[in-house]
Amino acid sequence: MGIYQCYKPWTGTDGSLATAGAGVEGADQKTSEWLDIANWEQKSIQWEVDSSGTIDFNINMHISPNSAYENNQKTCTTDDYLNVLVVNGHSTAVLTRLEFDDLDELALYNGPIRSCRIIIDNDQAQAVTGCQVWVEGWSGT
């Protein structure tokens, strides 16, 4: 099968997904650095989020044919990546997992995926009290 690979850009919360600016798009948003997922197989993303009240959580992923190193060294534009909606309005404190193959936007994408970055967004007026996101896959033979 290969070697199990996993990135966890967020484990817990640093308070930045709190109520300040809630309801203003992008106000409670965090973006990970570019992650190297070149040559991974059976890629998946999973997340778990909790809140002091109602949960309304979004996740987008940018995928790129460029290397993570290259993308982390510059200001990327939409020419460098494809935006993939993972979930809009996740509302339960339940661990959720999606295979990359199950993401609709990726069905139309024919290029290589060498790197990705994750964007999380709290759309609700209550603070996020816990947030974990994993990107997993297998590399090698």
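See the values below:
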quantity	calculated
Residue-span extension gain [GLU41 to TYR4] - 0.36 nm each, minus C-alpha spacing	12.3 nm
Gaussian network model of the chain, springs between alpha carbon atoms under 10 Å - residue of LYS43, LYS74, LYS30 with greatest fluctuation	LYS74
Surrounding net charge for SER115, when Lys and Arg each add one and Asp and Glu each subtract one, Cβ distance under 9 Å	0
Total formal charge among the other residues, if their Cβ is under 15 angstrom from that of ASP101, Lys/Arg +1 and Asp/Glu -1	-4
Separation of the GLN73 and SER139 label points, Cα + 7 Å toward Cβ, nm	1.8 nm
For the stretch 79-141, with +1 on Lys and Arg beta carbons and -1 on Asp and Glu, the positive-most of ASN110, VAL86, VAL128 along the dipole	VAL128
GNM top mover of THR31, THR54, THR78 - the chain, alpha-carbon springs below 10 Å	THR78
For LEU35, distant residues with modelled amide H under 5 Å away	CYS116, ARG117
GNM top mover of VAL84, VAL94, VAL49 - the chain, alpha-carbon springs below 10 Å	VAL94
Radius 11 Å from Cβ of GLY89, net charge of other residues (Lys, Arg +1; Asp, Glu -1)	-3
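Laboratory data are not the source of any read-out in this text; all were calculated from the coordinates shown. A quick note: this is a predicted structure, and the numbers were derived from the prediction, not measured. So basically every Cβ, Gly included, is an ideal-geometry build from the backbone, and we count neighbours across all protein chains shown.
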